[in-house]
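The values are calculated or read from the model by the stated rules, or taken from the named source; none is laboratory data. This structure is a prediction, so every number in the text was calculated from the model and none was measured. Here Cβ is always computed from backbone atoms with ideal geometry, including for glycine, and neighbour counts include all displayed protein chains. Areas reflect the complete protein model, heavy atoms only, side chains present, ligands, DNA and RNA absent. Shrake-Rupley method; radii C 1.70, N 1.55, O 1.52, S 1.80 Å.
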Amino acid sequence: MLWERKHISDSVSVEVILKRINQLVLLGINPLIILGAFWFVKLDSMKLALLPMLGVLTLVLGGILAISISKFQKLDRGIRAAKDQALYNLYRDRLKAIVVDTDGIGWGFHDQLDGMFFEIAQEFGEDVD
């Protein structure tokens, strides 16, 4: 919707925008929602009061560790990083089947997978219908 209304341009890919939004939600908004859910609950014991804080700490620490370890190991998105035509040819049909099978799943999941598959196919010089 933002792209159609020209609030964002082609200079920033939609994939990058969606990635940043996911990070914001998982590492920023989600912990606030968890804390907010426990804010109004009457907690008589201090041990119970620590539960929401441990939940938030788990989410934030897990996200930070996942990002750090992937950067440390220089992990990228599998096939795209491999740049290996033989590997792509081996998994092409499976990837296409996953995209087809996810049709109808809401929240942009199918569209995201479809876009990623299209980009990978283009990278290997394939025309995708």
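Some values worked out for this structure:
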| quantity | calculated |
| --- | --- |
| Odd one out for Ile120 among (1) assigned to a loop (DSSP other than H, G, I, E, B); (2) modelled with pLDDT of 75 or more | (1) |
| Check on Val25, at pLDDT 80 or above, in a helix (DSSP H, G or I) and touching a Leu at 6+ places or on another chain (Cβ under 9 Å) | no |
| Positions within the stretch 31-66 being assigned to a loop (DSSP other than H, G, I, E, B) and either among the hydrophobic types (A, V, I, L, M, F, W, C) or open to solvent by less than 60 Å² (accessible area, probe 1.4 Å) (or both), in sequence order | Phe40, Val41, Leu43, Ser45 |
| In the stretch 73-95, the residues that are open to solvent by 50 Å² or more (accessible area, probe 1.4 Å), modelled with pLDDT of 70 or more and more than 19 Å from the chain's Cα centre (by Cα) | Gln85, Ala86, Leu87, Asn89, Leu90, Tyr91, Arg92, Asp93, Arg94 |
| Checking Val100 against (1) open to solvent by less than 60 Å² (accessible area, probe 1.4 Å); (2) modelled with pLDDT of 75 or more; (3) under 24 Å from Asn22 (Cβ atoms); (4) not acidic (Asp, Glu), the condition it does not meet | (1) |
| Pairs where the first residue, in the stretch 99-124, is touching a residue at least 60 places away in the same chain (Cβ under 8 Å) and the second is open to solvent by 90 Å² or more (accessible area, probe 1.4 Å), C-beta under 9 Å, 6+ apart | Met116/Arg77 |
